[in-house]
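The values are calculated or read from the model by the stated rules, or taken from the named source; none is laboratory data. Values in this document were obtained by computation on a predicted structure and should not be read as measured data. So basically every Cβ, Gly included, is an ideal-geometry build from the backbone, and we count neighbours across all protein chains shown.
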Amino acid sequence: MAAPPEHLRAKTVADLTRWLEREVGPRLRKETEAIAHGGTALTLLGIKDSTKDVDLAFRSREAFDGFVSALGSLGFSRAADFRANPREVFHRLQNPASIVDVVDLRFPTWNNWRLSKAVLRRAVILPLSRVRLVRPDRDAVFLFKTYPLRETDVDDLRTILAVDPPDEARVLELFEDQDAIHRSELSVAPAHEPSLFSDTCSTALTPRIPPMFSVPLPRKLPRL
C-alpha cells in the first residue's frame, strides 16, 4: 500500500462501521466479503484509535468489482491503479467529501498474504448491511505488517507490541502456514513477483534484531 497523504482525516471505528453500513452496503447488489487490513484492522481491534485510509482486500473478482462500483456511485474516483505484484490488483479511490476519503482495495491478496483457514480460525465477521467485514485477529495483523515492512509498518508493529503483544507461537504458526501456501504456488508456476518471505520478513518475527524497534523486543513475546 502506498503511504496515505498527510492531510487525510482520521477515521475511528464508528466512522468506518457507519460508512460501510449506511453508505457502502446499500449500494452493493449482493452480500460482499471485504477483509480489513493494516491500520483499518488495528483500529477495529482497538489497538489504534483511528486510521488515515481504509485498507480492504477481496478474495473474488466479483466482490472487488462490485465494491469499486459501489464506491463509484458514492462519488469516489480512482487515484491510483498499479500492480507492484503482477498477480495482485491495487486500486486507490478518493472522495474528499466523504468521511472516509481514501480507500485502498486489493484483489486477490494483500501484499501476497492469504486469508487462509488458519487466519480465518480467529477472524471475526462483522455484518454491516450487505458488507461482511472480516477482521483478522491481532496475531495475523502483526504478521501481515512484517512485509513489506515500510516505516509505517514498523510504527504499527511498535504499537502492537506496546498495547497488546502478540502470541509468538501463533505468529510463527501463521508464518509457516503462509510460507507453505506460497511455496506450493511457486512449485506450480514460475514466479514473476517479489519473494514474500525475505530475510527481512523472517527476522522481523524474532527478537534477534531489536534495533529495528525503538521499543526493545522482549526475548520471548508474552502470550495471552
Subject >> Failed item in (1) assigned to a helix (DSSP H, G or I); (2) acidic (Asp, Glu); (3) surrounded by fewer than 17 Cβ atoms within 10 Å (Cβ to Cβ), with residue 49 passing the rest >> reply: (1)
Original post:
Within the range 10-28, is there a residue that is in contact (Cβ under 8 Å) with a residue 40 or more places away in the chain, exposed (fewer than 14 other Cβ atoms within 10 Å of the Cβ) and closer than 14 Å to residue 101 by Cβ?
Top reply: yes
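Those residues that are surrounded by 21 or more Cβ atoms within 10 Å (Cβ to Cβ) and either over 21 Å from residue 136 (Cβ atoms) or more than 17 Å from the chain's Cα centre (by Cα) (or both), I need them from the range 60-72; list them, please. Steps first, please.
Start the filter on the range 60-72 by keeping residues that are surrounded by 21 or more Cβ atoms within 10 Å (Cβ to Cβ), which leaves 63-64, 67, 71.
Selection gives 71 alone.
Given the criterion in contact (Cβ under 8 Å) with a residue 60 or more places away in the chain, surrounded by 15 or more Cβ atoms within 10 Å (Cβ to Cβ), under 26 Å from residue 139 (Cβ atoms) and in contact with a Lys or Arg (Cβ under 7 Å, 6 or more places away or on another chain), identify the matching residue among 36, 57.
On the way: 57 fails: in contact (Cβ under 8 Å) with a residue 60 or more places away in the chain.
Residue meeting the stated conditions: 36.
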Original post:
All but one of (1) among the small types (Gly, Ala, Ser); (2) within 30 Å of residue 72 (Cα to Cα); (3) touching a strand residue (DSSP E or B) at 6+ places or on another chain (Cβ under 9 Å) hold for residue 140; which doesn't?
Top reply: (2)
Original post:
Quick one: would you say residue 159 is of a type in the set (S, T, N, Q), under 16 Å from the mean Cα position of the chain (by Cα) and modelled with pLDDT of 95 or more?
Top reply: yes
Original post:
Can you spot a residue in the range 157-171 that is out of contact with any Lys or Arg (no Cβ under 8 Å at 6 or more places or on another chain) and part of a loop (DSSP other than H, G, I, E, B)?
Top reply: yes
**OP:** Of the conditions (1) of a type in the set (S, T, N, Q); (2) in a helix (DSSP H, G or I); (3) crowded, with 19+ Cβ neighbours inside 10 Å, residue 184 clears all except one; give me its number.
**Re:** (3)
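Matching residues to (1) in contact with a strand residue (DSSP E or B) (Cβ under 8 Å, 6 or more places away or on another chain); (2) over 18 Å from residue 45 (Cβ atoms); (3) buried (at least 16 other Cβ atoms within 10 Å of the Cβ):
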{"residue": "91", "(1), (2), (3)": "yes, yes, yes"}
{"residue": "102", "(1), (2), (3)": "yes, yes, yes"}
{"residue": "106", "(1), (2), (3)": "yes, yes, yes"}
{"residue": "124", "(1), (2), (3)": "yes, no, no"}
{"residue": "151", "(1), (2), (3)": "no, yes, no"}
**OP:** Could you check how many residues of the range 121-149 are hydroxyl-bearing (Ser, Thr, Tyr) and over 21 Å from residue 69 (Cβ atoms)?
**Re:** 2
Subject >> Those residues of the range 109-136 which are touching a residue at least 24 places away in the same chain (Cβ under 8 Å) and within 13 Å of the chain's Cα centre (by Cα), in sequence order >> reply: 109, 110, 111, 112, 113, 114, 115, 119, 133, 134, 135, 136
Original post:
Quick one: which strands (runs of 3 or more DSSP E) sit completely within the range 55-149 and have at least 1 residues that are modelled with pLDDT of 95 or more and closer than 22 Å to residue 169 by Cα?
Top reply: 124-128, 131-135
